[in-house]
Amino acid sequence: MNPTVKTVKPINDFMLHLCFANGEERLFDVKPYLNRGIFAELQDVALFNTVRPDGLSIEWANEASLSPDTLYMSSVNF
């Protein structure tokens, strides 16, 4: 099991700066998801910027979310 997300900050070009419970800081690119289902709504930068930790992973105001495993395994070191 991968670590949970403690903090998330949206940054330029639909990227997220993530801090995990194990202390790692990583970058996650949301662009590959922006043409899929509910994630298409996140092309609106104002909505994209509503991202917040939800106690385990992350969630946006439109209730889109990604698992902590996806976030950890598909991100790169900051």
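Of note:
- A Cβ distance below 8 Å, combined with a sequence gap of six or more or placement on separate chains, defines the contacts here; from the range 10-27, residues that are in a loop (DSSP other than H, G, I, E, B) reach residues that are β-branched (Val, Ile, Thr) and open to solvent by less than 60 Å² (accessible area, probe 1.4 Å) in the pairs Phe14/Val30; Ala21/Thr4; Ala21/Val5.
- Condition met for Leu66 (open to solvent by 70 Å² or more (accessible area, probe 1.4 Å) and of a type in the set (A, V, I, L, M)): no
- With respect to being in contact with a Phe, Trp or Tyr (Cβ under 8 Å, 6 or more places away or on another chain), aromatic (Phe, Trp, Tyr) and touching a residue at least 60 places away in the same chain (Cβ under 8 Å), Tyr72 fits the description.
The values are calculated or read from the model by the stated rules, or taken from the named source; none is laboratory data. Here the structure is a predicted model, which means the values were calculated and not measured. FYI the Cβ positions are ideal-geometry reconstructions off the backbone, even for glycines, and counts take in every protein chain you see. Side chains are part of the model used for accessible areas, which takes the heavy atoms of the whole protein and leaves out ligands, DNA and RNA. Shrake-Rupley method; radii C 1.70, N 1.55, O 1.52, S 1.80 Å.
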